[in-house]
Each structure stands twice: as C-alpha cells, then as structure tokens.
Amino acid sequence: MKQRVKGKKEIPQDRAVSLFFNIAGILILIVEAYPLIYVLSASFSSSDAISLGKVYLWPVEFSLEGYKMLVQNSQILNGFRNSIIYMGLGVLINMSLTMLLAFPLSRKELPGRNLITVFVAITMYISGGLIPTFLLVSKLDLVDTVWGLLLPTAISTTNMIIMRTYFNSTIPEELREAAFLDGCSYTKYFLRIVIPLSAPILAVIALYYAVDSWNTYFNALIYLRSSEKANLQLVLRDILLANQ
C-alpha cells in the first residue's frame, strides 16, 4: 500500500511574512516601472498634452512627432553612434585591464601582492584630482580624442576587487594544481580555465562598465571639444540648453 505523505501545515506567521514580501515586491515594481511607462507614453503623446500634464499612464493625443524629429536630427544620431562606439571600445579596455590585474592579485604565489593591493585600494580614497588629471591628458595630446575619454577611466578599483575576490573564493586551488601537473602555463590556465569558470562575474562587471560608459557625461564634457565626437549625453545637454 502506498503511504500518503502529509505535507507540513503552513504556519500563519509564514503566510503573513510571505504576503508582506509579495505586496512589498509588487509596490517596488510599480514604483520602478511607472517612470519608464510614463516616458514611453509621453513619447507617443503630443507636446501640448505633455505640457498640460494630461499624460499619466497611457498616451494622450497619439503622435509620432518626437520620433520624426529624432530621426531627422543628425546630431542625435551621431551622438548615439558615438556612444555605442565609446561603450564597446571602453568595455573591451575595461575588462581586459581589470582581468589582467585581478588575476595576478588573486594568486598567493605573487610576491608582494598584498602591498600592490594596498596601493591599488588607496586610489579609491585618494586621487590626483581633476586639474592634475586634465593636465596629464593634455600633455599626452589626448584632449578631444576617444582615448582621452576612455583611458582615464580604463579600470575601476571596485570592480577589480570584486573580480579578484571571485577568483579567490570560487575557483578551487585544486584546478590550478591539476592544470600545472598537465603542463599548463599561467596563460593557458587563465584563458582556458579561469575565464570560462568566471563567466557570471565577467558578465556582471561588463554590465557595470557598459552602463557607466553609456551614462558618462562629465568626462565627455571635460575632454571632448568637437561636436562630431560628442556622445549622446552631450548632445542631449545642448538640446536642453537650446530649449531653455
């Protein structure tokens, strides 16, 4: 005879806690989603409806004038293209330098790795400042170039420490010993074992760098001069100033 397995009875306190977190999650979702829905609805509404505050959730007086102006504005399209180029090239540089620094610092056999880590961590609290950095970029003739925008922010200490910690805590030391017994060098170990096993953290760090590069505004304002090289944020700033 089959025995019936009775499930555990749900405790009222657990039910209340679950209900509370579900309601809180729904409220947080609504608060975070509403601005996005409003922007999307406003983009399909007429300018008069937006200025009069008639748009709340759904488009009012449906219009595509905003998208027509977007397509016809060559500055916005050029800024959008520049932002994509800066983001793609920047993430490539950021990830390469971050991995090349995080991996050696994660190895216990690296001489002086603790001292190097301290020097790197100090940059989180003490930096050269805006004027010395600008003078350095200017002396290197990088002003109004893509390299002047990307190289000063080529690596993030915070992201490097996160990646280094992941290498230390996630990748077993036995893998390194087994790889070295098979004649694997540090380069092959890094490329064939460490990187494939670190795909989750690499994706997260790449996303951090991509979002930061896409939203960059201040560095572009300082180091870029010509309108042809301006990213989307600078173009939008010029449009807002012109409207004001």
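The values are calculated or read from the model by the stated rules, or taken from the named source; none is laboratory data. Being a predicted model, the structure only gives us computed values, none of them experimental. We place every Cβ from the backbone using ideal geometry, glycine too, and count neighbours over all the protein chains shown. Remember, those area values only see protein heavy atoms, side chains included, never the ligands or the DNA or RNA. Shrake-Rupley method; radii C 1.70, N 1.55, O 1.52, S 1.80 Å.
Proximity of backbone amide H atoms, modeled 1.01 Å from N, is registered between Leu224 and Asp144 at under 5 Å, excluding neighbours fewer than 5 places apart on the same chain.
In this Cβ point-charge picture (+1 for Lys and Arg, -1 for Asp and Glu), the chain has a dipole of about 880 debye about its Cα centre.
A Förster radius of 35 Å, combined with the Cβ-Cβ distance separating Leu115 from Ser43, puts the computed FRET efficiency at roughly 0.05. For the range 128-177, the share of accessible area belonging to carbon and sulfur comes to 64 percent (1.4 Å probe, ligands and nucleic acids excluded). Return a whole-number percent for the relative contact order of the chain, with Cα pairs under 8 Å and 6 or more residues apart as the contact set. Here the relative contact order equals 25 percent. Taking Cα centroids, how far is the range 63-103 from the range 152-194 in Å? First find each Cα centre; the distance between them is then 30 Å. Placing Asp141, Asp48 in order of accessible area, with the largest value first and a 1.4 Å probe, yields Asp141, Asp48. Among the protein heavy atoms, those of Leu92 account for about 110 Å² of accessible surface (1.4 Å probe, every chain in place).
Remark: accessible surface ordering of Met124, Met163, Met69, Met87 (largest first) is Met69, Met124, Met87, Met163, probe radius 1.4 Å. Rolling a 1.4 Å probe across all protein chains gives Phe62 an accessible area of roughly 140 Å². When the chain is treated as a Gaussian network with alpha carbon springs shorter than 10 Å, the biggest mean-square fluctuation among Ala178, Ala33, Ala24 belongs to Ala24. Per-residue 3J(HN,Hα) values for the range 71-79, derived from phi via the Karplus relation 6.51 cos²θ - 1.76 cosθ + 1.60 with θ = phi - 60°, read 5, 7, 7, 5, 5, 5, 4, 5, x Hz in sequence order (x marks Gly and Pro). Note on Ile11: accessible area approximately 90 square angstrom, rounded to 10, probe 1.4 Å, nucleic acids and ligands left out. Using a Gaussian network model of the chain whose springs link C-alpha atoms within less than 10 Å, name the residue from Val60, Val137, Val91 with the highest mean-square fluctuation. Among Val60, Val137, Val91, the largest GNM mean-square fluctuation belongs to Val60. Per residue, the chain exposes an accessible area of 70 Å² to a 1.4 Å probe, with every protein chain left in place.
Within the range 194-213, what residues put their amide N at less than 14 Å from the label point 7 Å along the Cα-to-Cβ vector of Thr170? Residues 194-208 qualify, since their backbone N sits under 14 Å from the label point. Couplings 3J(HN,Hα) of the range 136-141, computed from phi: 5, 4, 5, 5, 8, 6 Hz, in residue order, whole Hz [Karplus 6.51 cos²θ - 1.76 cosθ + 1.60, θ = phi - 60°; x for Gly and Pro]. 3J(HN,Hα) along the range 23-38, derived from phi through the Karplus expression 6.51 cos²θ - 1.76 cosθ + 1.60 where θ = phi - 60°, amounts to 5, 4, x, 5, 5, 5, 4, 5, 5, 7, 7, 4, x, 5, 5, 5 Hz, with x in place of Gly and Pro. Look at (1) 17.1, 53; (2) 18.9, 59; (3) 25.7, 86: the one that is Rg and Dmax of the Cα atoms in Å derived from this structure is (3).
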